[in-house]
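K.L.:
Mind having a look at this structure? Questions to follow.
The values are calculated or read from the model by the stated rules, or taken from the named source; none is laboratory data. Keep in mind that what you see is a predicted model, and the values were worked out from it rather than measured. Backbone-built Cβ (ideal geometry, glycine too); neighbour counts: all protein chains shown. Heads up: the accessible areas ignore ligands, DNA and RNA and are worked out on the full protein's heavy atoms, side chains in. Shrake-Rupley method; radii C 1.70, N 1.55, O 1.52, S 1.80 Å.
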Amino acid sequence: MSLVEVDSAVKTFASRVRGRDPVRALRGISLHIEEGETLAVIGESGSGKSTLGRAVLRLLDLDEGSVRFDGTDLGGLSPHAMRAMRADMQIVFQEPYESLNPRLTVGGIVSEPLEIHQPRLKTKEIRRQVLATLDRVGLPGDAARRLPGELSGGQQQRVGIARAIISRPRFMVLDEPTSSLDLSIRAQILALLAELQEDYKMAYLFVSHDMHTVESVSDRIAVMYLGEIVETAPTSQLFASPDHPYTQTLLSARLSADPRERHAYQSYAGDLSVTSPASA
Ligand SMILES: Nc1ncnc2c1ncn2[C@@H]1O[C@H](COP(=O)(O)OP(=O)(O)OP(=O)(O)O)[C@@H](O)[C@H]1O
Ligand SMILES: [Mg+2]
């Protein structure tokens with residue numbers, strides 16, 4: 001049994017544009033994530049990556065299909081049981097500032113999950129754990145008294161990570177956790193996530209649109225295209241011999257900073273009808 005098992009997940013949204021067809025964000029996604037493993041989900045903007053990440057955590061409900069965490073079908077849980085489950089399943093967002101309450105201090109933000117999941121903890125113990133967690137993510141203790149707006153982007157993302165790890169989850173969705181950050185900061189945050197994974201034996205679902213980012217951090221890569229997974233393979237195998245034409249296009253785009261890479265993708269898109277997606 002895998003830690004996370006997604007079976008035939010379907011999610012359709014009413015279009016945000018009036019009169020347009022519904023958006024089929026997930027068209028029958030199946031995947032599994034093992035304990036301690038990093039599965040990267042790669043795909044271009046709009047392919048359904050964030051929808052998948054939110055669905056796995058049941059931050060949104062599926063139209064069809066199921067998500068099992070450690071053998072438990074999340075769809076069958078009461079809101080109360082789901083809340084308890086969230087201690088084990090956390091998320092780090094792309095835009096740290098937007099995901100942090102600007103009116104709470106960093107200490108208040110990071111202590112929130114503890115107050116929810118361990119309501120009997122004494123204030124002093126909460127404070128101790130918050131300071132230890134801030135230290136663990138590389139923030140100074142006095143950050144606890146600051147507001148998110150007083151911190152840099154990289155520090156804000158460290159706060160987002162601290163909030164996610166303080167309940168000691170076994171699984172985290174990382175939704176493009178470094179793409180809003182400066183290049184120099186990205187590597188530091190990736191290194192921190194790798195260390196935390198090692199220390200706490202967490203599994204990651206790492207969402208990205210950038211092959212280069214996930215190459216060093218993922219065990220396996222699932223390639224998403226228009227709401228479907230077209231190929232899943234161990235990272236080294238996917239780089240060495242990509243099966244699906246869309247994966248090949250993503251890889252060749254990675255190798256060149258040439259604006260004509262867009263052209264390569266378009267020529268692939270024209271081929272979609274004649275290719276059969278590999279199974280997940
Ligand atoms: N709440 C919603 N209402 C309507 N449409 C939505 C909603 N959420 C997502 N979508 C649509 O579903 C599709 C998939 O969106 P999603 O955010 O999952 O893509 P993504 O792969 O994460 O893209 P990006 O790389 O830009 O973050 C898009 O067409 C998006 O516009
Ligand atoms: Mg997204």
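K.L.:
Considering only residues that are open to solvent by 30 Å² or more (accessible area, probe 1.4 Å), assigned to a helix (DSSP H, G or I) and among the small types (Gly, Ala, Ser), which ones fall in region 69-98?
P.N.:
Those that are open to solvent by 30 Å² or more (accessible area, probe 1.4 Å), assigned to a helix (DSSP H, G or I) and among the small types (Gly, Ala, Ser): Gly75, Gly76, Ala81, Ala84.
K.L.:
If I go through region 136-146 residue by residue, how many of them are surrounded by 12 or more Cβ atoms within 10 Å (Cβ to Cβ) and either more than 23 Å from the chain's Cα centre (by Cα) or over 15 Å from Ile189 (Cα atoms) (or both)?
P.N.:
Number satisfying all stated conditions: 4.
K.L.:
So, Gly149, is that one more than 17 Å from the chain's Cα centre (by Cα), open to solvent by less than 70 Å² (accessible area, probe 1.4 Å) and within 26 Å of Glu44 (Cβ to Cβ) or not? Can you show your working first?
P.N.:
On the way: more than 17 Å from the chain's Cα centre (by Cα): yes; open to solvent by less than 70 Å² (accessible area, probe 1.4 Å): yes; within 26 Å of Glu44 (Cβ to Cβ): no.
For Gly149, the condition - more than 17 Å from the chain's Cα centre (by Cα), open to solvent by less than 70 Å² (accessible area, probe 1.4 Å) and within 26 Å of Glu44 (Cβ to Cβ) - is not met.
K.L.:
Which number in (1) more than 20 Å from Ser30 (Cβ to Cβ); (2) out of contact with any Phe, Trp or Tyr (no Cβ under 9 Å at 6 or more places or on another chain); (3) open to solvent by less than 50 Å² (accessible area, probe 1.4 Å); (4) modelled with pLDDT under 60 marks the one condition that Val274 misses?
P.N.:
(3) is the only condition that Val274 fails.
K.L.:
Next up: Identify the single condition in (1) touching a Lys or Arg at 6+ places or on another chain (Cβ under 9 Å); (2) within 19 Å of Leu226 (Cα to Cα); (3) more than 10 Å from ligand 1 (Cβ to nearest atom); (4) in a strand (DSSP E or B) that Ser8 does not satisfy, given that it satisfies every other one.
P.N.:
Result: Ser8 fails condition (1) only.
K.L.:
Hey, another quick one. Got a sec? Which of Val223, Val217 is in contact with a His (Cβ under 7 Å, 6 or more places away or on another chain), under 30 Å from Val23 (Cβ atoms) and of a type outside the set (Ser, Thr, Tyr)?
P.N.:
Unique residue meeting the criteria: Val223.
K.L.:
Given the condition among the acidic types (Asp, Glu), within 16 Å of ligand 2 (Cβ to nearest atom) and open to solvent by 10 Å² or more (accessible area, probe 1.4 Å), answer yes or no: does some residue in region 38-45 qualify?
P.N.:
yes
K.L.:
Also, I was wondering about something else. Tally up the residues in region 1-44 that are under 19 Å from the mean Cα position of the chain (by Cα), farther than 18 Å from Ile221 by Cα and modelled with pLDDT under 95, please.
P.N.:
0
K.L.:
Of the residues Ser179, Ser184, which is surrounded by fewer than 16 Cβ atoms within 10 Å (Cβ to Cβ), within 16 Å of ligand 1 (Cβ to nearest atom), hydroxyl-bearing (Ser, Thr, Tyr) and farther than 22 Å from Gly36 by Cα? Don't jump to the end; show me each part of the working.
P.N.:
Working: Ser184 fails: within 16 Å of ligand 1 (Cβ to nearest atom).
Only one candidate passes the filter, namely Ser179.
K.L.:
If I filter region 140-149 for residues that are within 18 Å of Glu95 (Cα to Cα) and in a helix (DSSP H, G or I), do I get at least one hit?
P.N.:
So the first thing to find is which residues in region 140-149 are within 18 Å of Glu95 (Cα to Cα), and the list is 147-149.
From the residues that got through so far, the ones that are in a helix (DSSP H, G or I) too are 148-149.
Yes, there is a match, as at least one residue in region 140-149 is within 18 Å of Glu95 (Cα to Cα) and in a helix (DSSP H, G or I).
K.L.:
Take region 233-251 and flag every residue that is more than 17 Å from Gly46 (Cβ to Cβ) and either surrounded by 22 or more Cβ atoms within 10 Å (Cβ to Cβ) or touching an Asp or Glu at 6+ places or on another chain (Cβ under 8 Å) (or both).
P.N.:
Across region 233-251, the qualifying residues are Ala233, Pro234, Thr235, Leu238, Phe239, Pro242, Asp243, His244, Pro245, Thr247.
K.L.:
Output yes when any residue across region 215-229 is modelled with pLDDT under 90, surrounded by fewer than 19 Cβ atoms within 10 Å (Cβ to Cβ) and part of a helix (DSSP H, G or I), and no when none is.
P.N.:
No, because not a single residue in region 215-229 is modelled with pLDDT under 90, surrounded by fewer than 19 Cβ atoms within 10 Å (Cβ to Cβ) and part of a helix (DSSP H, G or I).
K.L.:
Working carefully through the options Ala55, Ala25, find the one that is among the aliphatic types (A, V, I, L, M), within 15 Å of ligand 1 (Cβ to nearest atom) and over 26 Å from Gln197 (Cα atoms).
P.N.:
Unique residue meeting the criteria: Ala25.
K.L.:
Now, a different point. Does Ile33 fit the bill of being in contact (Cβ under 8 Å) with a residue 40 or more places away in the chain and away from ligand 1 (no atom under 11 Å from the Cβ)?
P.N.:
yes
K.L.:
Also, quick follow-up: Given the criterion in a loop (DSSP other than H, G, I, E, B) and within 12 Å of ligand 1 (Cβ to nearest atom), identify the matching residue among Arg103, Arg16. Explain how you work it out, then say what you get.
P.N.:
Values: Arg103 fails: within 12 Å of ligand 1 (Cβ to nearest atom).
Testing whether each residue is in a loop (DSSP other than H, G, I, E, B) and within 12 Å of ligand 1 (Cβ to nearest atom) leaves just Arg16.
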